[in-house]
Amino acid sequence: MSSMRSGTFALRSEQDVVLGRQAVRKLALECGLRLVDQTKLVTAVSELARNAVIYGGGGDMDWAIVEEGARKGVQLVFRDNGPGIPDIKQAMTDGWTSGNGLGLGLAGAKRLVDQFDIQSAPGQGTRVTITKWN
Amino acid sequence: MSILKQATIDAIKQNESALLTAWIAGLEQEGSLSDNRITRDEVSAQAKDFLRLLVAASAVGDAADLSRGEWAESRQFLELLSRSRAQRGLDSQHTARFIFSLKRPLFDQLQTTYAGDPKALSNEVWAVSELLDLLGMHTIRAFQKSREEVIMRQQEELLELSTPVVKLWDGVLALPMIGTLDSQRTQVVMESLLQRIVETGSDIAIIDITGVPTVDTLVAQHLLKTVTAIRLMGADCIISGIRPQIAQTIVHLGLDLGGIVTKANLADALALALKRSGLTVTRAE
Ligand SMILES: Nc1ncnc2c1ncn2[C@@H]1O[C@H](COP(=O)(O)OP(=O)(O)OP(=O)(O)O)[C@@H](O)[C@H]1O
Ligand SMILES: [Mg+2]
């Protein structure tokens, strides 16, 4: 996989979540994602970005337009230096929330994209990498 | 401590009209006067007022500390000036230039006043420069604050503007939602919808989300809460405007809208609402 263009986007507030979604929608368009895939990716961004803001105390989103053979895609890394997730399996369970959400963000985001990887440990922050191909 | 020397203050007073002329000429050259959002007369009057305030305050004030009482009038004057410019949509550069372009004429004046005393000259140039910088900064800060106020007011207006509850039929209300559904907006929307349900005695409310670009877990949670509140009031709720891509996303996200009646578009929702109210629509013969 090779990266053609990349950058970083700050996630500090709910406003940044909205701006982040808009930025990713542009990238998705650029990669030729279909409307439904654009919508799925943008929704996953909304979930992961908001988690970084709410639970991670703010973070960053690295974005890259990637290429592999003939296909193009958007790869995003959501990182924060927050408290981390003690039990990833539990956090990835539909309906589990430590706050007062629906507990669907992480598991839902995974179902909305093509590739999903999460790394987190208490005191180590959280890092979620997703990719959506055209 | 950098209070201006008495000789400087006297020089400014004595050469007031020449200084003003040079100041206005400078502004003109920078293009500050060719903006139709502000008139030349207005700028001239502001320049004159400001110069007088400057002289009055620097005769007693400590230039290094604008927060002191002596500077209150000057500060207020600049805040008003900033606000009026912000409201007219002029930018911060234009506003700050008003103060900074006074430097040149004042420096020229100092050159003449202290022609034989280079040490005093450099002291006074420094003092005047420092003073104008501080006043300029204050102006920029005031301008930014005014801009933020303008933006905040617009946001609040938008908040209300974008949540019109419309009556579609006797007993049927519709709420076309447009844009991002954040917590604050949902609160406003929910309140106005519940209010109107009471006022109109409606028993069906249609929430149309055609204009909502992203339906994520937060939006879903807001919608679910709104629906619950509507039901608690004894009314029914239909959600319409679920576009195909949104429907697919909702499924993958794992959202359960099972208990809620949904329709693809507002027309279908209205048809259902009418039917439930016992009404049928027929073509006139
Ligand atoms: N970046 C993060 N840092 C620390 N904890 C996190 C982070 N992201 C998720 N979590 C934990 O994982 C739990 C599940 O996250 P998920 O996004 O699935 O649900 P939620 O945010 O609680 O609710 P929803 O996203 O449905 O509104 C969260 O409640 C939180 O405890
Ligand atoms: Mg979440």
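The values are calculated or read from the model by the stated rules, or taken from the named source; none is laboratory data. Remember, predicted model here, so these are calculated numbers, not experimental data. Counting neighbours? That spans all protein chains shown, and the Cβs are built from the backbone with ideal geometry, glycine included. Each accessible area value is taken on the protein alone, full model and side chains, heavy atoms only, with ligands, DNA and RNA left out. Shrake-Rupley method; radii C 1.70, N 1.55, O 1.52, S 1.80 Å.
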Within the range A:77-93, restricting to residues that are more than 17 Å from the chain's Cα centre (by Cα) and charged (D, E, K, R), the one that is nearest to ligand 1 (Cβ to nearest atom) is A:87
Residue satisfying condition, being in contact (Cβ under 8 Å) with a residue 40 or more places away in the chain, more than 21 Å from residue B:180 (Cα to Cα) and buried (at least 20 other Cβ atoms within 10 Å of the Cβ), within set B:204, B:197: B:204
If we keep only residues of the range A:99-122 that are more than 8 Å from ligand 2 (Cβ to nearest atom), in a helix (DSSP H, G or I) and within 10 Å of the chain's Cα centre (by Cα), then the residue surrounded by the fewest Cβ atoms within 10 Å (Cβ to Cβ) is A:110
Pull up the range B:145-175, narrow it to residues that are open to solvent by less than 40 Å² (accessible area, probe 1.4 Å) and modelled with pLDDT of 80 or more, then point me to the one that is farthest from residue B:92 (Cα to Cα). B:171
Residues being open to solvent by 30 Å² or more (accessible area, probe 1.4 Å) and more than 12 Å from chain A (Cβ to nearest Cβ): count how many of those fall in the range B:243-263. 5
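Can you give me the ranges of the helices (runs of 4 or more DSSP H) entirely in the range B:58-156 with at least 2 residues that are of a type in the set (Gly, Ala, Ser)?
Details: elements: B:72-87, B:92-100, B:103-113.
Here the list reads B:72-87, B:92-100.
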Looking only at the range B:180-193, filter to residues that are more than 14 Å from every other protein chain (Cβ to nearest Cβ) and touching a strand residue (DSSP E or B) at 6+ places or on another chain (Cβ under 9 Å); which one of those is most open to solvent (accessible area, probe 1.4 Å)? B:192
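Among residues belonging to the range B:130-144 that are farther than 19 Å from residue B:90 by Cα and among the hydrophobic types (A, V, I, L, M, F, W, C), point out the one that is most open to solvent (accessible area, probe 1.4 Å). Walk me through how you get there before you give the answer.
Just the residues of the range B:130-144 that are farther than 19 Å from residue B:90 by Cα, to begin with: B:130-134.
Now narrow it down to the ones that are among the hydrophobic types (A, V, I, L, M, F, W, C): B:131-132, B:134.
On the way: B:131: 4, B:132: 1, B:134: 59 Å².
For the range B:130-144, the residue satisfying everything is B:134.
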Return only the number of the condition from (1) open to solvent by 30 Å² or more (accessible area, probe 1.4 Å); (2) in the same structural domain as residue B:182 (by TED's automatic domain parsing) that residue B:219 does not satisfy. (1)
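For the range B:1-52, what are the residues that are aliphatic (A, V, I, L, M) and touching a Gly at 6+ places or on another chain (Cβ under 8 Å)? First the steps, then the outcome.
Here is the first cut: in the range B:1-52, the residues aliphatic (A, V, I, L, M) are B:1, B:3-4, B:7, B:9, B:11-12, B:18-20, B:22, B:24-25, B:27, B:33, B:38, B:43, B:45, B:47, B:51.
Of everything in the range B:1-52, just one residue is aliphatic (A, V, I, L, M) and touching a Gly at 6+ places or on another chain (Cβ under 8 Å), namely B:3.
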Consider only pairs whose beta carbons are under 8 Å apart and that are at least six residues apart or on different chains; among these, list those whose first residue lies in the range A:44-61 and is without any contact (Cβ under 8 Å) to a residue 40 or more places away in the chain and polar (S, T, N, Q) and whose second residue is within 12 Å of ligand 2 (Cβ to nearest atom) and assigned to a helix (DSSP H, G or I). A:46/A:17; A:46/B:218
Any residue in the range B:263-283 that's free of Cβ contacts under 8 Å to residues at least 60 places away in the same chain and of a type in the set (D, E, K, R): show its pairings with residues that are surrounded by 13 or more Cβ atoms within 10 Å (Cβ to Cβ) and assigned to a helix (DSSP H, G or I) at Cβ separation under 7 Å, as long as the two are six or more apart or on different chains. B:263/B:269; B:263/B:272
Failed condition for residue B:229, given (1) of a type in the set (A, V, I, L, M, F, W, C); (2) over 19 Å from residue B:186 (Cα atoms); (3) surrounded by fewer than 19 Cβ atoms within 10 Å (Cβ to Cβ): (2)
Which residues, taken from the range B:197-238, are away from chain A (no Cβ under 14 Å), part of a loop (DSSP other than H, G, I, E, B) and of a type outside the set (Asp, Glu)? B:201, B:202, B:233, B:234, B:235
